[in-house]
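**Student:** Before I ask anything, let me first share the structure, which is written out below as structure tokens.
Since every read-out is calculated from the coordinates, none of them should be taken as a lab result. Owing to the predicted nature of the structure, the values given are computational and were not obtained by experimental measurement. Cβ placement follows ideal geometry from the backbone for every residue including glycine, while neighbour counts extend to all protein chains displayed.
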Amino acid sequence: MPIEIIIDKEKNRTTHIATGKVTFKEALAASEQFFDNDPTRDLLMDMGQASMELITSKELECLTLYFGLHAERRPKDPRTALVVTSTLDYGLSRMMQITAKLDKSKTLFEIFNNTEVAIAWLDRPPDPAPA
């Protein structure tokens, strides 16, 4: 499986590091593992050395909605940072971000093209939830 999973309980963060061409089945398996094992508040999905080109837009929508359905399993103020480096993956990520907003997801979802910037964002204290 090209998705390595690292859990840092001290930082309340899980990191998924993907390599190669990721399939829907692999992405779903990593997502299920995340939610089935005491999920952390923050999730860093590092796709910097990977591609989502094998995942269809419908499959991305399913993954995004899966996250929305299970959001209550995460601690308060959950945040997900997605790191992508290709234009295609950025476009697909924006589709996920828009789907999450339309679904009124409780998870703050941001896209980055640099892992260090994504980590800096996750290292900040979470913004208070809007009233």
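**Student:** Take the Cα coordinates of the chain, assign each an equal point scatterer, and use the Debye formula without solvent to give log10 I(q)/I(0) at q = 0.14, 0.20 Å⁻¹.
**Tutor:** Debye intensities relative to I(0), on a log10 scale: -0.55, -1.25.
**Student:** Follow-up. Using modelled amide H (1.01 Å from N, peptide plane; none on Pro or chain starts), what sits under 5 Å from the amide H of LEU44, excluding residues fewer than 5 places away?
**Tutor:** Answer set, sorted by chain and number: THR14, THR15, HIS16, ALA81.
**Student:** Sticking with this one: Taking amide H atoms as placed 1.01 Å from N in the peptide plane, list the residues 5 or more away in sequence, or in a different chain, whose amide H sits under 5 Å from that of HIS70.
**Tutor:** none
**Student:** Can you give the direction-averaged projected area of the convex hull of the alpha-carbon atoms in segment 58-117, in nm²?
**Tutor:** Result: 4.2 nm².
**Student:** Separation between the GLU72 and LYS58 pseudo-spin-labels, each 7 Å from Cα along Cα→Cβ, expressed in nm?
**Tutor:** That separation, rounded to one decimal, is 2.9 nm.
**Student:** Also: Report, in deg cm²/dmol and to the nearest 500, the calculated mean residue ellipticity at 222 nm for the chain, where each DSSP H run with n ≥ 4 adds -39500 (n - 2.57) and the sum is divided by the residue count.
**Tutor:** Details: 4 runs with 51 residues, N = 131.
Result for the chain: -12500 deg cm²/dmol, rounded to the nearest 500.
**Student:** In sequence order, what are the phi-derived ³J(HN,Hα) couplings for segment 81-96 according to the Karplus relation 6.51 cos²θ - 1.76 cosθ + 1.60 with θ = phi - 60°, rounded to whole Hz, with x for glycine and proline?
**Tutor:** After applying 6.51 cos²θ - 1.76 cosθ + 1.60, I find 10, 10, 9, 10, 10, 9, 4, 4, 5, 5, x, 5, 5, 4, 4, 5 Hz.
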